[in-house]
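These notes are about the structure you will find just below.
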Amino acid sequence: MKTGAPSIRRRLVLQLALVAALLSVAFFLAVRGVAGNATEQTQDNILAASATSIADALYSESGAVRVEIPYSALSMLGTVSEDRVFYHVIVDGETLTGYDDLPLPQGRSGSRAPVFDTYSYRGDSLRAVVVTRTLTAANQPRFVQVVVAQTRLGLEAISSRITTTATAVGVAFFLVATALSAFAAQNALRPLSRLADAMARRGPKDLRPVSAEAPAELAPLVGGLNSFMSRLGAALGRSEDLIVEAAHRVRTPLATVRTQAEVVHLQMEKPENRQALRQMIRAVDESSRSAGQLLDHAMVTLRSDHLETEKVDPADLLRDVVDRLGPTAGLRDIAIHLELPDAPLRIEGDPILLQNAVRNILDNAIKYSPAETDIRVSMEGTGTCRMTFCDQGRGFEAADIMRLPDRFSRGSNVGDVVGSGLGLTIVSDVARAHGGTLEIAPNPEGAGACVTLVLPCC
Amino acid sequence: MRFLLVEDNADLARALSGRFVLGGHAVDHAASLEDAELATQTVGYDLILLDIMLPDGDGRTFLRRHRSADNPTPVIVLTARSEVSDRVGLLDLGADDYITKPFDFTELEARVRAVLRRHGGAADNSREFAGLTFDSTSGVISAGGESTQLRNRETRLLEVFFAAPGQIFSKSHLMDRLFSFSEEVSENAIEVYVGRLRRRLSASDATIETVRGMGYRMVRRE
Amino acid sequence: MRHACLALLLILQAARVMAFEIEESHSYPAGESQLRILSTADQSVFDPIIRAFQTEHPAISITYDVAGSTAVMSAILDEGAAYDLVISSAMDLQTKLANDGLALAYRSEATARLPDWASWRDMVFGFTQEPAVIVVNNRLFGDLPLPQNRAALIELLRDHPDIFRRRIGTYDVRVSGLGYLFATQDSRNTESYWRLTEVMGRLDTRLYCCSGEMISDVASGELALAYNVLGSYARARLRDTPGIRVVEMEDFVSVMLRSALIPAGADAVEEAGQMIDFLAAMAERPDLAALTGLPPVSLDASGTDERVLRPIRLGPGLLVFLDRMRRDTFLRSWVSSVKQQ
């Protein structure tokens, strides 16, 4: 899931993060818009209040319009920010007081409501308001306009502060949302990883259907998996059955032929006929053994592919195999000496494969040993478990040692001994499947060879 | 010794029976599981040779029932199946040993001997001839209060002679009994073993006599 | 600044023909760069500051011109006179210069350390806080109780016209920018201001252009009491002038911030900034405060007692009293109160 196709989690997180980013941007724009409006509105309100308080201070005296600008009218403009402040009081188009070049805000006229405008004055952008009043002086109606204007630096400062805050909040929101997305994706995908874990924990031979509770979305996958496993199980079963069946089909008639030949052999008198029958029986033995090892090899390969391990005591293994092959060795007065260490050892492995490997080695040793010789089977183990089989047979040619474990390769000096060349291949395959090796060396105590199966032990 | 051979292949059964009779044993043959059940219920056997694939079922079923009935008779399984898949299962089911078909009779004989020896003590297999006591199962001879352990081949050779004292056995017959087909040995090898046996028997009145042009026989020393 | 203030020496440079009147001009030649300062503070007061500044910045030659606050205003506002730094006690005028775009903004570490109320728009930087006080002549006062607030002062003046007639002095707000500032702040802060002005008018109050002169007249016994005198000057004179006393009112004390700004037409902006930094950090130079008698703006805000001491707030509120109609109205009221004959 980590490599190759894009991960679901990454896609989920990316998409959720994208949504979060869009929401953040929308939030940012909305906050800036609303707050910008609000601050502008605030400034307009203060300007209008200021202009109104000046307009309220208009009075007429001896037929002239006068104004006493209240302290608060201008000081209120300085409470929020340090903006520049301008004002202009106009009576019937004539400047009464203030900055006489301060322009009139242009806007909807005719209404008595304050008119706002934004314009440039003395190098700064100003927000201006005009409030109009009509006053009677000397029995004449007088039209008074009060203009108050303020630079927008404070507004910009507030706006930039809002922008900064909105950005920070937006970014924080995005980060939190993304983190939560990652968390949510992880959570949502937990059943999937649980399923994957359950599958990974299974032994290679465990082809039972998955029973773990899976969310509805995974049901088709689990269903497919289960049906696949049942088919795989059936196929594996068929392979094993096939091998077993093939062995039976080959061996049973061979056994009959051999037995018949043996019976006939007993009745034969002429040495040449007896010789011919012996040849025949040997041929039967050879093909039976070859077939057996071929099928064994197939089985070993099958089991190695799905290695199912358990704790195996190598001492028990050796004792058992030596017991099994003792009668065979005894036929030719070959003595098998078993030397085991006192300390118990354990190998993590498939007992059937290990037994087959050990049996093959010992079988080989017996087969190539002359009558009335000794075979020494010994074991030592610290970290690795070394099972050594030394015989007093003809040994291996140095040139053969490397290629012996190859399939169908036999030593160049096997002579008349029946063999298929698969024995050591099987041993070597089993060793490799268990992370071990096969070592072949001349017997240091004289003639013969030592074959050592090296396996990791615990 | 009395053996039960459970085997559906009649040729094989006949051949095996013949060889065991030659060794001085009695063999009953059962061609199916049903016959085998019947036979074991009526007769006490010293050993059962059991084929796994039988027309009316799996030999393992018989084996399981046999063991659960606490029947002590040892069982050697004759199997044609893959060794890798069957081996552990058979021993776990209570087989004392197994042998894969096709097999050399000498090998089967050796396994029978080993199994019987493990179950030994039940029957006394000692026979006596001319002051010589011979236990074919353990391969021990004693004469004049002295015991000697024979080697495997010496035991088997002496066993042939003990089966019919005085009878002449040809070299080729002895070879067939002593060597497997996989061994290429000359007839002179027999002379070596006969020579050894003669020395082993020297403490007793029994000896192996050479009958020129015919073979050998065991006789009382003159 | 047309008459009485000329007790201090006046060095008029004939070469510089200006519409505004420079009362004194001093040169402090040093290095290459030139810093031209236009100030309302007497050279004698500012001299230690300039010398201390030059020991720190030996490359800066300084010209120090002194003028009245109104003259300073018109020099910059109307005539665009060539100065690099304007130092004035008229906060309202300084504020107007900054508001009308005739000042340059300046930022530095030193200005950032000033309290908020001591600077405006990064253009006007207050560096002293000088309260308005009453100075009395001990001898003429005799056993009379010292007035602790304006109500008590009014009562005192009313009850003892014999002592105070023609013996009260205050600023002529028509000519003194600082006097106008104190007067307008008084009028804003207390109802009793106009009553006080009327009482003072009935007692033939004498009008002055400058604090220095008022203090001298109190010391000489010409005056029994001077109202709204710059406390810093008064305290500076206490040492060498026996027989006078400084009284701070308990109802409120207007505190003037002497401030500096860089006019828009300045050439030596960098040097002007260095001077502003120097002034802003005066709180760390108690020696200078002692020499000049100018109390520096304290950098820790807890320094001032805000219940009584009211630093005049820099900001657009100060523009109100500069409005020509408002000023006109105020002066008319003031004149009619003070000159009742």
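Since every read-out is calculated from the coordinates, none of them should be taken as a lab result. These numbers come from a predicted model, not from an experiment. We place every Cβ from the backbone using ideal geometry, glycine too, and count neighbours over all the protein chains shown.
How high is the relative contact order of chain C? Use alpha-carbon pairs under 8 Å, at least six apart in sequence, and give a whole percent. Spell out each step's value before the answer.
Numbers: 645 pairs, mean separation 86.4, N = 341.
Reported relative contact order: 25 percent.
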Among A:M229, A:M299, A:S288, whose Cα projects farthest towards the positive end of the dipole of segment A:206-306, with charges put on the beta-carbon of Lys, Arg (+1) and Asp, Glu (-1)? A:S288
Of C:M214, C:M249, how do they rank once you tally other Cβ atoms within 10 Å and put the fewest first? C:M249, C:M214
Can you tell me the dipole magnitude for chain B around its Cα centre, using point charges on the Cβ only (Lys, Arg +1; Asp, Glu -1), in Debye to the nearest 20? 840
Percentage relative contact order, chain A, counting C-alpha pairs under 8 Å, at least six apart: 10
According to the Cβ-distance criterion of 4.7 Å, cysteines of chain A with no possible disulfide partner are A:C458
Number of partner chain Cβ atoms within 10 Å, mean per residue of B:168-181: 3
With the 8 Å Cα cutoff and a minimum separation of six or more residues, segment A:9-173 has a relative contact order in percent of 28
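With the radius of gyration and the Kirkwood radius both derived from the Cα set of the protein assembly as shown, what is their ratio Rg to Rh?
1.54
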Spatial separation of Cα centroids for segment B:151-222 and segment A:213-292, in angstrom: 39
Nearest 10 degrees is fine. How inclined is helix B:152-163 to the longest principal axis of chain B, computing both from alpha carbons? 80
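Give, to the nearest whole percent, the P(r) tail of segment B:72-219 beyond 20 angstrom, counting all Cα pairs.
Counting every Cα pair in segment B:72-219, those more than 20 Å apart make up 55 percent.
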What percentages make up the Cα-Cα pair-distance distribution of segment A:206-306 when the bins are 5 Å wide from 0? 2, 11, 14, 12, 10, 9, 8, 7, 6, 5, 4, 4, 3, 2, 1, 1, 0
Counting Lys and Arg as +1 and Asp and Glu as -1, what is the net charge of the other residues whose Cβ lies under 15 Å from the Cβ of A:F86? -1
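Just need the Rg to Rh number for segment A:74-149, please, alpha carbons only, Kirkwood Rh. List each step's numbers first, then the result.
Numbers: Rg = 13.2 Å, Rh = 13.2 Å.
A ratio of 1.00.
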Within 10 Å of each Cβ in peptide A:181-194, how many partner chain Cβ atoms are there on average? Round it to a whole number, please. 0
Within a Cβ distance under 15 Å of C:G293, other residues only, what is the Lys/Arg minus Asp/Glu net charge? 0
Of A:V131, A:F173, A:L16, which is farthest towards the positive pole of segment A:9-173's charge dipole, taken about the Cα centre with +1 and -1 on the beta-carbons of Lys, Arg and Asp, Glu respectively? A:L16
Mean shadow area (nm²) of the C-alpha convex hull around chain A is 42.0
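With +1 on each Lys and Arg Cβ and -1 on each Asp and Glu Cβ, and nothing else charged, work out how big the dipole of the protein assembly as shown is about its Cα centre, in Debye to the nearest 20.
1200
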For segment A:289-374, what is the Kirkwood estimate of the hydrodynamic radius, computed as the reciprocal of the mean inverse distance between distinct Cα atoms, to one decimal in Å? 14.2
Among C:S69, B:S17, A:S60, what is the fewest-to-most ranking by other Cβ atoms within 10 Å? A:S60, B:S17, C:S69
What whole-number volume per residue, in cubic angstrom, does the convex hull of the C-alpha atoms of chain C give? 131
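Treat segment C:174-263 as a sphere of radius equal to its Kirkwood radius over Cα pairs and apply Stokes-Einstein at 20 °C in a medium of 1.002 mPa s; give the translational diffusion coefficient in µm²/s, rounded to a whole number. Intermediate results must be reported in sequence, preceding the final value.
On the way: Rh = 14.4 Å.
Approximately 149 µm²/s, per Stokes-Einstein.
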Tally Lys/Arg at +1 and Asp/Glu at -1 over every other residue whose Cβ is under 9 Å from the Cβ of C:Y83; what's the total? -1
Could you line up C:Y180, B:Y193 from fewest to most neighbouring Cβ atoms inside 10 Å? B:Y193, C:Y180
In nm, to one decimal, how far is the C:D47 label point from the A:F173 one, both placed 7 Å along Cα→Cβ? 6.7
Taking beta carbons within 10 Å but only from partner chains, what does the mean come to for residues A:342-354? 1
Just the projected area, averaged over all directions, of the convex hull on the alpha carbon atoms of segment C:37-172: how many nm²? 11.9
Compute the whole-percent fraction of alpha carbon pairs in segment B:1-150 spaced more than 26 Å apart. 27
Semi-axes (Å, rounded, descending) of the ellipsoid equivalent to segment A:9-173 per its C-alpha gyration tensor are 45, 14, 12
Of the candidates A:V312, B:V6, A:T42, the farthest towards the positive dipole end of the protein assembly as shown (Lys/Arg Cβ +1, Asp/Glu Cβ -1, centred on the Cα centre) is B:V6
